[in-house]
Each structure stands twice: as structure tokens, then as C-alpha cells.
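Participant: Okay, here's the structure, questions in a sec.
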Amino acid sequence: MQTTTMGLVLRATKTGEADRVLSILTPTGIVSAMAKGSLRLKNKLHSATGLFCYSEFTLFEGRTMYVVDEAEVREVFWGVHEDVVNMALAMYCAEFISTLSPTGDEAAAQLRLLLNCLYYLSEKRRTADFIKPVYELRTLTQAGFLPGLVACTDCVKYEGGPFFFDAATGLLYCADCAAKRGFSANLDAAALAAMRHITYSEDEKLFGFSIAQNSLFRLGTVVEQYVHYCVDKPFKTLEFYHSVLGQGRADLEGDPCNPNT
Ligand SMILES: [Zn+2]
């Protein structure tokens, strides 16, 4: 049986002499497909079956997986490939969504979200440390892990002062109520506003906010904790992302042990 679908290549693994096994996020779910000979530069499948290519695929049902018959590239996201931090984040996003393995309508929403994130990264319209919590939190929300961010769980306070987001339960507490439970606040007002925006905003407005770097750092830390509790699995690509991000920062700031750099 033959089928035609749009899809984003989440993983392209070399096999045999010049073949690639692809993991493709389509609007109905993730499929595996063999792209025979696609590593050869002159092969007709070469340009549309690379990592993070968004392409139109014509697939045949093979014995164990689909076989790519034709592929026409629509978007390559060069700006992701040109930057090691962006690439590391994209690889983490790909592993993250592969783990959640969405199906049906959710797959279509998750595909749109990931394409938008890759676009913002590729066009350098947002930095990786901005895109990462947006992607993680919105993906979890779309997957059904909706955090309760409307107000403090104990006293219904909804603004003013710092708050505590309990990543283990997905619930919010004001600083006073958190203290009674033995927790300290982990969100300032801007980080909480960003969490609410990412969780509740319409698709078109998702990326339309700005946030100061220190609040972004708090947001990133809390959202990553939430990921940890929702998806109980260590991500190798997340470790890699943090290692290249740390390296990038060290390059930027110079070597603190050597004031001449
Ligand atoms: Zn409270």
C-alpha cells in the first residue's frame, strides 16, 4: 500500500552502505521508513531525507517498515544545522517527542509546534534557551500534562510576589503557602507569567513574549524539573545540550582562570 504524507525527519540512522533508516514525525504519528541509497549525493532521496528535513514523502508499506519511494523537500532549517547549540536543542526536541510518541490529532499539533520552534531557531528569531522551555512546556501541555497555574493551590492568590511551582505535582503555591509546606519560591513574576503564557496562549501568540535573562533561567530550571517528573526517562540529548551550552557560555565569557582570554 502506498501513502503520501508530510513529515519531519527526527532521526536518520545510517545502515548498510548508503541507506538511512528514518524516524519521521507525520500529522498522524511517528513512522519508521527506509530510504535506500539516500546517503549517496546523487540519489533522488538524498536532499529530502536528511535530519530535520520537512518533506513530502511517498511511502510504501514494506515487511518491517515503510520504504521511501519519493521525497520532496519543503524546509531544511539551515540555521539549525549551522549552530551547534541550536542543533543540540533540535536533537533533544526530537528525542523528547519520540519518547512521547503522539498519535492522531495530537501528532498534528506536536508536528506544528516542533516546526515552529525549528523555524524560530533557524531564523535566529529566538535563542535556544528561550525556545527550550517553550517547547518542553507546550509539548507536555499538548500531551495532556497540563500544569495548574491559575492560582495558589492553598489560598487562591494569583499574583504578587514570588511563587513556587511544585514540579512533582504540577501545582502552584504562593511563597507563604509554599513555606508552610517546607518549600521555597522558585518563580518570580515574569517566569510565572511566561509559564502561564506558554501553557494557555493560542498557537499564534505562543512565541510572542519577552523575558529577562534571569527570569528565563528560573523558567528553564522549573520547566526542566517538570519534564523530569512527567517523563521519567533520562535524555542523552539533554546532557549533550547542556554540555554544548556550557561550552558556548565559557567561550563567550572567556576563561575566568585566565584574564587574558
Ligand atoms: Zn497561597
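Participant: Give the relative contact order (percent, whole number) for the chain; include only Cα pairs under 8 Å separated by 6+ residues.
Facilitator: Working: 443 pairs, mean separation 37.8, N = 261.
About 14 percent, as a whole number.
Participant: Let me make sure I get this right: for region 107-167, a, b and c are the square roots of the gyration tensor eigenvalues over alpha carbons, sorted descending. Under 1.5 in a/c it's rounded, otherwise prolate if a/b > b/c, else oblate. Which is it?
Facilitator: Details: a/c = 3.70, a/b = 1.83, b/c = 2.02.
Cα axes put region 107-167 in the oblate bin.
Participant: Explain nothing, just the number: relative contact order of region 2-76, from Cα pairs under 8 Å at least 6 residues apart, as a whole percent.
Facilitator: Numbers: 191 pairs, mean separation 23.2, N = 75.
Worked out over region 2-76, it gives 31 percent.
Participant: Rounded if a/c is under 1.5, else prolate if a/b is larger than b/c, else oblate: which is the chain, with a ≥ b ≥ c the root eigenvalues of its Cα gyration tensor? Show your work: numbers first, answer last.
Facilitator: On the way: a/c = 2.52, a/b = 1.65, b/c = 1.52.
Taking the square roots of the gyration eigenvalues as a ≥ b ≥ c, the chain is prolate.
Participant: How would 36, 132, 42 rank on accessible area, largest to smallest, probe 1.4 Å?
Facilitator: Details: 36 125, 132 15, 42 200 Å².
Per-residue accessible area, sorted high to low, gives 42, 36, 132.
Participant: Using helices alone, I'd like the mean residue ellipticity at 222 nm for the chain: each DSSP H run of four-plus residues gives -39500 (n - 2.57), total over residue count, nearest 500. List each step's numbers first, then the result.
Facilitator: Working: 8 runs with 109 residues, N = 261.
Per the formula, -13500 deg cm²/dmol.
Participant: Kindly write out, for region 25-38 in residue order, the coupling ³J(HN,Hα) from the Karplus curve 6.51 cos²θ - 1.76 cosθ + 1.60 (θ = phi - 60°), rounded to whole Hz, with x marking Gly and Pro.
Facilitator: 8, 10, x, 10, x, 9, 10, 9, 8, 8, 10, 5, x, 6
The values are calculated or read from the model by the stated rules, or taken from the named source; none is laboratory data. Here the structure is a predicted model, which is why all the values come from computation and not from measurement. The area values use the complete protein model at the heavy-atom level, side chains included, leaving out ligands, DNA and RNA. Shrake-Rupley method; radii C 1.70, N 1.55, O 1.52, S 1.80 Å.
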